[in-house]
Amino acid sequence: MSDASSVSYPVLPLRDIVVFPHMIVPLFVGREKSVRALEAVMDDNKEILLSSQIDPSEDEPTEETIYQTGVLASVLQLLKLPDGTVKVLVEGLRRVRITEYIDNPDYFEATSEILVETENDPTVIEALSRSVSDEFERYAKINKSIPEEALSSVAKSDGADKLADTVAGHLSIRVDQKQELLETLDLSERLEKIFSLMQGEMSVLKVEKKI
C-alpha cells in the first residue's frame, strides 16, 4: 500500500486548490509560516508537501484542519513580490499521506508515506481512459475556462494515471470533490468518478447556456 519514510518535509497548506501529481501550477503565498516553509525548501533544495485546508476560509490552519493526503512537489521557481507575497511554481510529483507532524515553531513540517496506486484490469482502464479523454474534449468546448494547453496535455498523457490526474486538476468542481479524487488510489475507480463528475458539470453548463 505504501512506503514509510522517516524524511520530513515542510508542509504548505493550500486554500481553494488541490494539486495533483503531474500538475505544474503557480501559487501565490502570503502567510508568514508558508513563506518560511518555502524558504526552507529553497535553502535545502528539498521537496515540499502540499496539502489542502479542510476549510479554505481559515486564516490560521492547524495540523487537524489540513487534509492528511497531499502531494510531494518540487519548487521549480520562486519569486518574491514587492508586497511581501511569494509567487511559486510547483510541480506535483507523487501522492503521500502525512504520518506525523514534527515540532517546528517556524512552519508546518511532517513525515509522510508514499501512497501506491492500484491498477486492476488493463482493458477496463484503457476503455475508461478513452471515455474520460473524449468527454474532456466535449467538456472543454463548453467550459471556456479550460486553457488550450490542458487539452493538448490530456491528449499527450502517457498513462492512465497521468490522464486521470491532469483531467481532475482542470475540473471546475469543489475542493472536497478534488480531494476525494486525490485520495482514490484505485485507478479505474478514479477514472469512473472523474467521468461522472464531468457529466454532472456538463449538464449544469448546458443549462446555464440555455438560460
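The values are calculated or read from the model by the stated rules, or taken from the named source; none is laboratory data. The structure displayed is predicted, hence computed values, not measured ones. As a convention, Cβ positions derive from the backbone with ideal geometry for all residues, glycine included, and neighbour counts pool all protein chains shown. When the accessible area is computed, the model is the full protein with side chains, heavy atoms only, and any ligands, DNA or RNA have been set aside. Shrake-Rupley method; radii C 1.70, N 1.55, O 1.52, S 1.80 Å.
Structural remarks
- Residues in the range 96-109 that are in a strand (DSSP E or B) and not polar (S, T, N, Q): 6 in all.
- The single condition from (1) in a helix (DSSP H, G or I); (2) within 19 Å of the chain's Cα centre (by Cα); (3) at pLDDT 95 or above that SER112 fails is (1).
Results for (1) of a type in the set (A, V, I, L, M); (2) crowded, with 17+ Cβ neighbours inside 10 Å; (3) at pLDDT below 95, shown as yes or no for each residue.
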{"site": "SER2", "(1), (2), (3)": "no, no, yes"}
{"site": "VAL35", "(1), (2), (3)": "yes, yes, yes"}
{"site": "GLU39", "(1), (2), (3)": "no, no, yes"}
{"site": "MET42", "(1), (2), (3)": "yes, no, yes"}
{"site": "PRO56", "(1), (2), (3)": "no, no, yes"}
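- Where GLU192 falls short, out of the listed (1) in contact (Cβ under 8 Å) with a residue 40 or more places away in the chain; (2) closer than 25 Å to LEU72 by Cβ: (2)
- Considering each residue of the range 119-128 in turn, none proves to be assigned to a strand (DSSP E or B) and either in contact with a Gly (Cβ under 9 Å, 6 or more places away or on another chain) or within 22 Å of PRO21 (Cβ to Cβ) (or both).
- Qualifying residue in the range 97-109 (condition: in contact (Cβ under 8 Å) with a residue 12 or more places away in the chain, exposed (fewer than 13 other Cβ atoms within 10 Å of the Cβ), under 30 Å from LYS209 (Cβ atoms) and not hydroxyl-bearing (Ser, Thr, Tyr)): no
- Among the residues of the range 62-82, at least one is farther than 24 Å from ARG174 by Cα and β-branched (Val, Ile, Thr).
- In the range 58-79, the residues that are open to solvent by less than 90 Å² (accessible area, probe 1.4 Å) and either free of Cβ contacts under 8 Å to residues at least 12 places away in the same chain or more than 13 Å from ILE98 (Cα to Cα) (or both): GLU58, PRO61, THR62, ALA73, SER74, VAL75, LEU76, LEU78
- A single member of GLY30, GLY84 is at positive phi and either open to solvent by 20 Å² or more (accessible area, probe 1.4 Å) or of a type outside the set (A, V, I, L, M) (or both), and it is GLY84.
- The condition (being open to solvent by 60 Å² or more (accessible area, probe 1.4 Å) and closer than 25 Å to ILE54 by Cα) is satisfied by just one residue among GLU126, GLU189: GLU189.
- Filtered residue count, the range 138-165, keeping only those that are open to solvent by less than 50 Å² (accessible area, probe 1.4 Å), more than 25 Å from LYS209 (Cβ to Cβ) and part of a helix (DSSP H, G or I): 6
- Top-ranked residue in the range 158-187 [being of a type in the set (Ser, Thr, Tyr) and either touching a residue at least 12 places away in the same chain (Cβ under 8 Å) or in contact with a strand residue (DSSP E or B) (Cβ under 9 Å, 6 or more places away or on another chain) (or both); ranked as nearest to LEU205 (Cα to Cα)]: SER172
- Test: LEU89 is within 15 Å of the chain's Cα centre (by Cα), part of a strand (DSSP E or B) and either without any contact (Cβ under 8 Å) to a residue 60 or more places away in the chain or within 12 Å of SER8 (Cβ to Cβ) (or both): no
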